[in-house]
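Here is the structure we will look at.
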Amino acid sequence: MLIHNKKISGPAIETVVIPRRDGDIVFKAQAVLKYEDFDLLCPRPTPPIKLLPSGEKSADVVDTKYKTALDTWASNKTLYMILTSLSVTEGLKWETVDMSKPDTWKNYEKELKDSGFSEAEIARIFRIVIEANGLDQTKIDLATERFLAGQQAQ
């Protein structure tokens, strides 16, 4: 795809630098564009079918087991997004997270804490993941202002 003859080369990468006396730590996050691997590892749960008094069949979306499974699935999708997004960080290797084992994905936060990152630093790392995977209204406003300023200059 081209816009004004300029090739769009893929998603932007967000960066945060965590200062340390013995050397700054750089985390990068990139938007996750494909979820096929996640879908294979964690298929979306389907609700059980209930029989209505009329004899009609209907999905029982209020079933407790289904709602629990759906919550787990949604949490896993978020964890997958975080870990996949951060995977563009050079040199980042998790010790207790295995991307082929969804039950290990939640370990990333404990690893960050055990490595000495504060709650605020972890929140900042999480924020670049959200920024990379979504739209930040402040950034949209700034980009719009730059665009309009450029239009006025012309």
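The values are calculated or read from the model by the stated rules, or taken from the named source; none is laboratory data. Treat the numbers as computed from the prediction; the structure is a model and nothing was measured. Cβ coordinates were reconstructed from backbone atoms using ideal geometry, including for glycine residues, and neighbour counts include every protein chain displayed.
Observations on the structure shown:
- Just one residue in the set S54, S58 is assigned to a loop (DSSP other than H, G, I, E, B) and farther than 28 Å from G23 by Cβ; that residue is S54.
Residues checked against (1) in a loop (DSSP other than H, G, I, E, B); (2) touching a helix residue (DSSP H, G or I) at 6+ places or on another chain (Cβ under 8 Å); (3) under 30 Å from F117 (Cβ atoms); (4) among the charged types (D, E, K, R):
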site: P11; (1), (2), (3), (4): yes, yes, yes, no
site: E14; (1), (2), (3), (4): no, yes, yes, yes
site: V26; (1), (2), (3), (4): no, no, yes, no
site: V32; (1), (2), (3), (4): yes, yes, yes, no
site: R44; (1), (2), (3), (4): yes, yes, no, yes
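- Restricting attention to region 112-134, the residues that are part of a helix (DSSP H, G or I) and touching a residue at least 40 places away in the same chain (Cβ under 8 Å) total 10.
- Single unsatisfied condition, V32 versus (1) more than 17 Å from I125 (Cβ to Cβ); (2) touching a residue at least 40 places away in the same chain (Cβ under 8 Å): (1)
- Taken together, the criteria exclude A12 from residues that are of a type in the set (G, A, S) and surrounded by 13 or more Cβ atoms within 10 Å (Cβ to Cβ).
- Yes/no for T89 being closer than 24 Å to S118 by Cα, assigned to a loop (DSSP other than H, G, I, E, B) and in contact with a Lys or Arg (Cβ under 9 Å, 6 or more places away or on another chain): yes
- Positions within region 19-59 being surrounded by fewer than 15 Cβ atoms within 10 Å (Cβ to Cβ) and either in contact with an Asp or Glu (Cβ under 9 Å, 6 or more places away or on another chain) or of a type in the set (D, E) (or both), in sequence order: D22, D24, V26, E36, D37, D39, P48, I49, K50, E56
- Some residue of region 97-106 being of a type in the set (S, T, N, Q), within 22 Å of I122 (Cβ to Cβ) and in contact (Cβ under 8 Å) with a residue 12 or more places away in the chain: no
- For region 121-138, taking the residues that are surrounded by fewer than 13 Cβ atoms within 10 Å (Cβ to Cβ) and within 18 Å of the chain's Cα centre (by Cα), the one that is modelled with the highest pLDDT is identified as A123.
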